[in-house]
Amino acid sequence: MASTKSQIKKDTGPLAPTIFVIFGITGDLAGSKLLPALLGLYVKKELPDRFAIVGVSRRHFSREELREYLRDRMNIKHGQFFEEDIKHFLDHLSYEEGKFDSPNLYQSLAVHLKSIDDMWGQCSNKLFHLSIPPALYEGILLELSASKLTLPCSDGTGWTRVLIEKPFGNNTDTARNLDKLLGKLFKESQIFRIDHYLAKEALQNILAFRFSNSLFEPLWNREHIERIHIKLLEKETASERGAFYDATGALRDVGQNHLLMMLAIIAMDKPADTSQSDAMRRERARVLSKLIAIPKRSLVENLIRGQYEGFRRESGVDANSLIETYFRITTKINNRRWKGVPFYLEAGKAMAEDRVEIDVYFKGDTNGKIDRRNKILGTSRQNILTFRIQPDEGIKIRFFVKKPGPGMNTESKILKFHYADSPSLASLPEAYERLIHDAIVGDQTLFASTDEIMASWKFITPILENWSKLPLVIYAKGATEV
Ligand code: BG6
């Protein structure tokens, strides 16, 4: 916020002066993802020259104390940024303390934002980021609207946008209500519903891989693909997020959103125009709306829910909690391309390794059965295409070669591409950097639409309603399978 009024001329381009208002600045997400992403953009000079971050929280801090607190909590690697850059970045941060449900907070926030606009000599763009527990969304949205803070300026400068984190509701009804409320208060072009998986480079690369290489797209259907396995396995436990996790569970935390978005990307049809945000969102929503609900009579065959040993002893977790920290779903998609092809969706905390990937199994010789954990009981001679989303992002293909010598015996080999091996591609931007950048320029492609959210809840809600009919498998921390 170093500029003075006299230096300023009005600026209305995508990089016009912008204020990021972060509700929940002292929370986990702000420290782990938002501030590091803003810092990353700042260092790359991808933020507007005139930008300010206004943190909002209930806790008492002076501006200096807040900066120190956030400096310590920012999830950045030692040496990743120069100290000087971090310091200058944090100079753009100021603070507004208050209760989220109190109109007073919004009055003083209005004064605060106006003082920045006055200093800049123009009405700035404003991004309101809700990085707080979903139970608080409604109150904040209503107060923001009542205070008129979300109204754009009348002179053509200064748009306002709202960024809203997942989980978006906790079942079909609550998601619909939240969406209705958003729709009453804002235009669709102002609403940015975040699912940060959509912005992961290696996931976006699947679209480039599918639609730019004529080798695979003709095979991308039930004639040639036997099954697809999507996994999001994490070593970390619920640890400090025990209370949130115990109220949410793995299926709401990553199933309704990240896993289904990965499924949408791998299974969607090619949009008529891939550069068109609406067309991309429409195709993702279309395939999600074709997911087949798990039949009540076959819950046990198609669903596994698990909890890691010791979860009930985590701080903030009920001693008798029945919340799942692991799930596996087997489902199918009811359209011409995918009819009959099983999709396995699997996610878990406290697993043996961090692994987010999608395995596409092509039809081949499978000499044996596949069990419900997607394990082949017997031998298989199938081509497998694996998209590794993280860590160690890349793509690999299993194929077969002849063993040298007499006869026609074959052996499997791997063809692979790792981003890390390719100097021009090795530096992958963080998903939140991409999201914040796109929200600033107003591109909604990587944000979920109402139709996508509703289609995913329509599939997930009945599973949640039947969850308690399934046994809860207790697995050891560090398990390789459940
Ligand atoms: C978040 C979930 O949305 O995604 C976390 O709330 C999960 O539980 C995280 O760990 C995974 O994101 P990433 O980017 O670390 O893979």
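What do you reckon, is Y344 at pLDDT 95 or above, surrounded by 18 or more Cβ atoms within 10 Å (Cβ to Cβ) and away from the ligand (no atom under 16 Å from the Cβ)? The answer is yes for Y344. Taking the residues in segment 13-32 that are more than 18 Å from S124 (Cβ to Cβ) and surrounded by fewer than 21 Cβ atoms within 10 Å (Cβ to Cβ) as candidates, determine which candidate is nearest to the chain's Cα centre (by Cα). Step by step, filter segment 13-32, then rank; the result is L29.
Looking across segment 35-73, the residues that are in a loop (DSSP other than H, G, I, E, B) and either of a type in the set (S, T, N, Q) or surrounded by 21 or more Cβ atoms within 10 Å (Cβ to Cβ) (or both) come down to L47, R50, S62.
Give the residue that is modelled with the lowest pLDDT, with candidates limited to residues of segment 137-169 that are among the hydroxyl-bearing types (S, T, Y) and open to solvent by less than 20 Å² (accessible area, probe 1.4 Å).
Only one residue fits best here, namely T157.
Cβ-Cβ distances below 7 Å connect the following pairs, each with a first residue in segment 181-204 that is within 30 Å of A420 (Cα to Cα), a second residue that is in a loop (DSSP other than H, G, I, E, B) and within 11 Å of the ligand (Cβ to nearest atom), and a separation of six or more residues or different chains: I194/E165; I194/K166; D195/K166. For segment 373-390, the tally of residues that are open to solvent by 50 Å² or more (accessible area, probe 1.4 Å), outside any strand (DSSP E or B) and at pLDDT 70 or above stands at 1.
Yes or no, residue by residue, for (1) in a helix (DSSP H, G or I); (2) in contact with a Lys or Arg (Cβ under 9 Å, 6 or more places away or on another chain):
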| site | (1), (2) |
| --- | --- |
| Q444 | no, yes |
| E452 | yes, yes |
| F459 | yes, no |
| V473 | no, yes |
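Could you check segment 250-269 and list, in sequence order, the residues that are away from the ligand (no atom under 12 Å from the Cβ) and part of a helix (DSSP H, G or I)? Correct list: L260, L263, A264, I265, I266, A267. Among the residues of segment 170-187, those identified as farther than 19 Å from N257 by Cβ and open to solvent by 40 Å² or more (accessible area, probe 1.4 Å) are K180, G183, K184, L185, K187.
Selection of segment 310-356 for residues being hydroxyl-bearing (S, T, Y) and either under 19 Å from I265 (Cα atoms) or assigned to a loop (DSSP other than H, G, I, E, B) (or both) yields S315, S321, T325, T330, T331, Y344. Restricting K184, K166, K180 to those that are in a loop (DSSP other than H, G, I, E, B) and among the charged types (D, E, K, R) reduces the list to K166.
The values are calculated or read from the model by the stated rules, or taken from the named source; none is laboratory data. If you're wondering where the values come from, they're calculated on a predicted model, not measured in any experiment. Reconstructed Cβ throughout: ideal geometry from the backbone, glycine too, with neighbour counts over all protein chains shown. Heads up: the accessible areas ignore ligands, DNA and RNA and are worked out on the full protein's heavy atoms, side chains in. Shrake-Rupley method; radii C 1.70, N 1.55, O 1.52, S 1.80 Å.
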